[in-house]
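Structure first, then comments.
Each value in this text was obtained by applying a stated rule to the coordinates, not by laboratory testing. If you're wondering where the values come from, they're calculated on a predicted model, not measured in any experiment. Methodologically, a virtual Cβ is constructed for each residue, glycine included, from the backbone with ideal geometry; neighbour enumeration extends over all protein chains shown.
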Amino acid sequence: MRSWLLVEDEAPVAYGELWVDVEEQEVELGRLIVRPDARGRGVGRLLVASLLRQAARTQLPTALVRVVPDNAAALACYRHAGFTPVDDEERRRFNAGQPLAYEWLRHDLRAPD
Ligand SMILES: CC(C)(COP(=O)(O)OP(=O)(O)OC[C@H]1O[C@@H](n2cnc3c(N)ncnc32)[C@H](O)[C@@H]1OP(=O)(O)O)[C@@H](O)C(=O)NCCC(=O)NCCS
């Protein structure tokens with residue numbers, strides 16, 4: 001696990017983690033959060049783009065995220081960065097044993113920007 005903090009004017013403004021899984025050949029972005037008083041002005045999009053750049057440096061082929069389906073702000077951030085939903089079969093497989101029926105999205109890290 002690698003953690004990242006975005007700082008603005010010397011104060012933490014956003015946090016996120018990369019969960020690097022060499023066995024599964026994927027990197028999951030997790031625990032993303034923007035300080036409540038800093039939301040709605042593009043910090044979430046910047047956080048996702050920054051984490052994605054770091055994920056690409058692992059040389060692994062795929063980035064994944066899981067999102068509660070009604071989290072419109074998070075979904076917008078991921079879609080802006082080029083994440084697309086996994087297919088229904090994968091979604092069922094990824095959600096087996098999970099406490100919630102997450103939306104799962106994927107990004108090919110080998111694709112050019
Ligand atoms: C999700 C989160 C990281 C987004 O951060 P943010 O800084 O507010 O996001 P941005 O300002 O970059 O906005 C990103 C997009 O979400 C949209 N958005 C923001 N708040 C929204 C809301 N409450 N409802 C719907 N859309 C919203 C914005 O309009 C923007 O889309 P657009 O560029 O197409 O207009 C932030 O809300 C957060 O920390 N939430 C709590 C923790 C969480 O849910 N983490 C994600 C777990 S998967």
Selection over segment 1-40 where residues are within 12 Å of the ligand (Cβ to nearest atom), at negative phi, under 11 Å from the mean Cα position of the chain (by Cα) and not acidic (Asp, Glu) yields a count of 5
All positions within segment 43-72 that are within 10 Å of the ligand (Cβ to nearest atom), surrounded by 13 or more Cβ atoms within 10 Å (Cβ to Cβ) and over 11 Å from the mean Cα position of the chain (by Cα) = 43, 46, 71
